[in-house]
1. Is it fair to say Ile183 is surrounded by fewer than 22 Cβ atoms within 10 Å (Cβ to Cβ), closer than 17 Å to Leu101 by Cβ and touching a helix residue (DSSP H, G or I) at 6+ places or on another chain (Cβ under 6 Å)?
2. Out of (1) touching a residue at least 60 places away in the same chain (Cβ under 8 Å); (2) out of contact with any Gly (no Cβ under 8 Å at 6 or more places or on another chain); (3) over 19 Å from Leu50 (Cα atoms), what's the single condition that is false for Leu145?
3. Evaluate the following for Ser105: is it among the polar types (S, T, N, Q) and out of contact with any strand residue (DSSP E or B) (no Cβ under 6 Å at 6 or more places or on another chain)?
4. Pick out the one residue from Lys12, Lys25, Lys59 that is among the basic types (Lys, Arg) and modelled with pLDDT of 50 or more.
5. Looking at (1) at positive phi; (2) surrounded by 15 or more Cβ atoms within 10 Å (Cβ to Cβ), which one does Leu118 not meet, given that it meets all the others?
6. For the range 35-45, give me the residue count where each residue is out of contact with any Leu (no Cβ under 6 Å at 6 or more places or on another chain) and either under 11 Å from Cys78 (Cα atoms) or assigned to a helix (DSSP H, G or I) (or both).
7. Surrounded by fewer than 23 Cβ atoms within 10 Å (Cβ to Cβ) and more than 27 Å from Leu201 (Cα to Cα) - does that describe any residue in the range 143-166?
8. Quick one: Asp96 ticks every box in (1) of a type in the set (D, E, K, R); (2) assigned to a loop (DSSP other than H, G, I, E, B); (3) crowded, with 19+ Cβ neighbours inside 10 Å bar one, so which box is it?
Amino acid sequence: MFAGDITLRVEKTKIAHPVRDDMTKEEKMEHGFIIAGFGGQGILFAGEVLANAFMDDGKYVTWYPSYGAEMRGGTVNCEVVVGSVPVSAVNKKEVDFLIALNQISFDKFLSKVKKGGLVIANSSLVKEICTRVDITYLFVPVTKLAQQLGNIKTANVLALGVLAKASELVSLESLSKALETVIPASRAKKILPLNLKALKLGYEYDLLPAGV
């Protein structure tokens, strides 16, 4: 049992591509992600999968999960920052991408998305309202799609598939490999195939920005 709010910080780095002195500003650019929802939606799992996918691609990565004492049913979020050079900070003032799986998270973190950023919102639980004109919204019924797939708990991984397609920063192959890494071997036979299907379904979903 936790008393009050608790924040955990986990930093992981796997270096496959050393930092070069002649790197351009674009090559040194960092990208920040927030994944948020309520306890029980697998938010931290999704963040860990995303972080591992980037690590396998030879990037510098930080994964910063944060949650309240209530956990299941309460708000949960994690932040992933990735770059080709050591990440300058973990808890960024602004992020490039937001995955919001419920309304509270959408309302809470929308202001943290930087100008030109992307919001992927679970339209099964989030109202399709665009209050900002300087960012792109993708409303995807990830909960409904997960239900159709056979297990609502795959909504988190399905959202990662959408992110892979929309951001073009991480591949489906890297995320698939990360799933194999993160899911315990004792449970892989039972849940890995369905999660891989969810990832592919999210990636292949026909994305159309709101208002288009």
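The values are calculated or read from the model by the stated rules, or taken from the named source; none is laboratory data. The model shown is predicted, which means the values in this text are computed figures rather than measured ones. Glycine gets a Cβ as well: all are built from the backbone with ideal geometry, and neighbour counts include every protein chain shown.
1. no
2. All conditions are met except number (2).
3. Against the criterion (among the polar types (S, T, N, Q) and out of contact with any strand residue (DSSP E or B) (no Cβ under 6 Å at 6 or more places or on another chain)), Ser105 does not qualify.
4. That would be Lys59, the only listed residue that is among the basic types (Lys, Arg) and modelled with pLDDT of 50 or more.
5. So the condition that Leu118 fails would be (1).
6. Matching residues across the range 35-45 total 6.
7. There is no residue in the range 143-166 that is surrounded by fewer than 23 Cβ atoms within 10 Å (Cβ to Cβ) and more than 27 Å from Leu201 (Cα to Cα).
8. Of (1) of a type in the set (D, E, K, R); (2) assigned to a loop (DSSP other than H, G, I, E, B); (3) crowded, with 19+ Cβ neighbours inside 10 Å, only one is false for Asp96: (2).
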